[in-house]
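This report concerns only the one structure given below.
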Amino acid sequence: MKKLLLIVALATSNVFAEETKIVDPFDLSASATKVKELGLITKPEVDALEEKAKSLFNAGDCKGAIPVLIDYSKKSNWLANMIQASLDPYYGASYDDRKGYSYAKLKPLIPLETMANDYKKKRNIAFAMQGECLVKVGDEKGAIPVLLKALDLIDIDNDVWWERTRNNLLKVIKVEVK
């Protein structure tokens, strides 16, 4: 009986040890990997990619647009995440600390929050555009995960891209709505 209790106690302690993983505050690997993968991302670079992607997409050059849209969506997302990270000290603070933070200090942060959200919205549209292009070039299998992700990300108030993306997905899976 003592051995059984000891085994249960050891098994339980292993479970608890796995649940309380220690986060290394000096682990920079995730960010370093992104920088290595995407390079130094700047707002002007992402804005230029947006223009190029839109131009190719609007011209109907889906073969040319797809790689640009992929690059643009990744870089737009990373830019949004970096801008959002500049606000982490505020959002990481306790409720009481945020409540006591003066509006005069908070006001300059509002445009950064808006900008980060705008780049996330742009990323979402880039996913939708990429999915539409994949449908147009006949890569329906490749289009499905992209369209599903776009539908997962698109805001409810973006009626145009929600409808386009929904219709592209329904077309691929041959679902007709009457």
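The values are calculated or read from the model by the stated rules, or taken from the named source; none is laboratory data. The model shown is predicted, which means the values in this text are computed figures rather than measured ones. FYI the Cβ positions are ideal-geometry reconstructions off the backbone, even for glycines, and counts take in every protein chain you see. For the accessible areas, the whole protein counts, side chains as well, though only heavy atoms, and no ligand, DNA or RNA atoms are used. Shrake-Rupley method; radii C 1.70, N 1.55, O 1.52, S 1.80 Å.
Odds and ends about this structure:
- Subset of region 28-46 [more than 14 Å from I125 (Cβ to Cβ) and open to solvent by less than 80 Å² (accessible area, probe 1.4 Å)]: S29, A30, S31, A32, K34, V35, L38, G39, I41, T42, E45
Rundown of residues vs (1) open to solvent by 80 Å² or more (accessible area, probe 1.4 Å); (2) in contact with a Leu (Cβ under 9 Å, 6 or more places away or on another chain); (3) among the aliphatic types (A, V, I, L, M), yes/no style:
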site	(1), (2), (3)
S76	no, yes, no
M82	no, no, yes
A85	no, no, yes
Y90	no, yes, no
A93	no, no, yes
K99	yes, no, no
L106	no, no, yes
L109	no, yes, yes
E113	no, yes, no
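- Of all residues in region 59-86, none satisfies the criterion of being out of contact with any helix residue (DSSP H, G or I) (no Cβ under 9 Å at 6 or more places or on another chain) and of a type in the set (V, I, T).
- Counted residues, region 108-162 - those being under 16 Å from K63 (Cβ atoms), in contact with a helix residue (DSSP H, G or I) (Cβ under 7 Å, 6 or more places away or on another chain) and assigned to a loop (DSSP other than H, G, I, E, B): 1
- Of D61, D24, D96, D71, all but one fail to be under 18 Å from A128 (Cα atoms), without any contact (Cβ under 8 Å) to a residue 60 or more places away in the chain and more than 22 Å from the chain's Cα centre (by Cα); the exception is D61.
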